[in-house]
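Worksheet: one structure, shown below.
Computed from the coordinates by the stated procedures, all read-outs in this text should not be read as laboratory data. Owing to the predicted nature of the structure, the values given are computational and were not obtained by experimental measurement. FYI the Cβ positions are ideal-geometry reconstructions off the backbone, even for glycines, and counts take in every protein chain you see.
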Amino acid sequence: MQIEVLKSKIHRVHVTEANLDYVGSITIDKELMDAAGIIAGEKVQIVDNNNGERLETYVIEGPAGSGCICINGAAARKVAVGDIVIIISYGIMDFEEAKTFRPSVVFPDTATNRLIR
């Protein structure tokens with residue numbers, strides 16, 4: 001049996017941009033992507049702590065070290081600049097593998113969206 005489980009999460013970053021006039025997606029600082037094990041084009045769920053919205057989109061790589069979290073396209077109507085969001089990716093794996101799998105969870109500095117070193 002295959003099940004869907006948490007693969008990675010970027011916990012509590014603030015939205016730095018919302019670009020309605022874009023094809024779609026979320027742009028994420030490459031350092032955050034790498035730390036969480038998220039790749040460009042990967043499907044993610046965005047959870048907005050400020051208003052309760054949940055949406056799915058795909059990832060675009062942003063400049064490393066920029067702290068960029070930009071909501072693009074129609075999703076920009078659901079998430080505002082300054083909102084605190086959680087970015088979640090899931091993986092599908094064998095039930096037995098899932099029992100021992102450990103997701104990558106990143107807790108960046110909420111004020112800067114940068115990794116805490």
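Would you calculate a helix-derived [θ] at 222 nm for the chain, using -39,500 (n - 2.57) for each DSSP H run of n ≥ 4 and dividing by the full residue count, to the nearest 500?
Numbers: 2 runs with 13 residues, N = 117.
Helix contribution divided over all residues of the chain: -2500 deg cm²/dmol.
Would you order Glu17, Glu42 from fewest to most other beta-carbon atoms within 10 Å of each residue's own beta-carbon? Please list the in-between numbers first.
Numbers: Glu17 14, Glu42 17.
Ordered by Cβ neighbours within 10 Å, fewest first: Glu17, Glu42.
Below 21 Å Cα-Cα, how many Lys pairs turn up in the range 2-106? Only count pairs eight or more apart in sequence, or on different chains, if you could. Going through the range 2-106 pair by pair, I get 9. The candidate values were (i) 1.04; (ii) 1.15; (iii) 1.38; the one computed from these coordinates for Cα Rg over 2.2 N^0.38 Å carries the label (i). Here is the list for the range 47-103: chymotrypsin sites (Phe, Trp or Tyr not before Pro) lying in DSSP coil, each with at most 15 other C-beta atoms within 10 angstrom of its C-beta, are Phe101.
Quote the relative contact order of the range 2-106 in percent (integer), defining contacts as alpha-carbon pairs under 8 Å separated by 6+ residues. The partial results should precede the final answer.
Details: 254 pairs, mean separation 50.7, N = 105.
Across the range 2-106, relative contact order equals 48 percent.
Summing +1 for each Lys or Arg and -1 for each Asp or Glu among the other residues whose beta-carbon sits under 13 angstrom from that of Ile116 gives +1. In whole angstrom, note down how far apart the Cα centers of the range 50-79 and the range 8-30 are. Rounded to whole Å, the Cα centres lie 2 Å apart.
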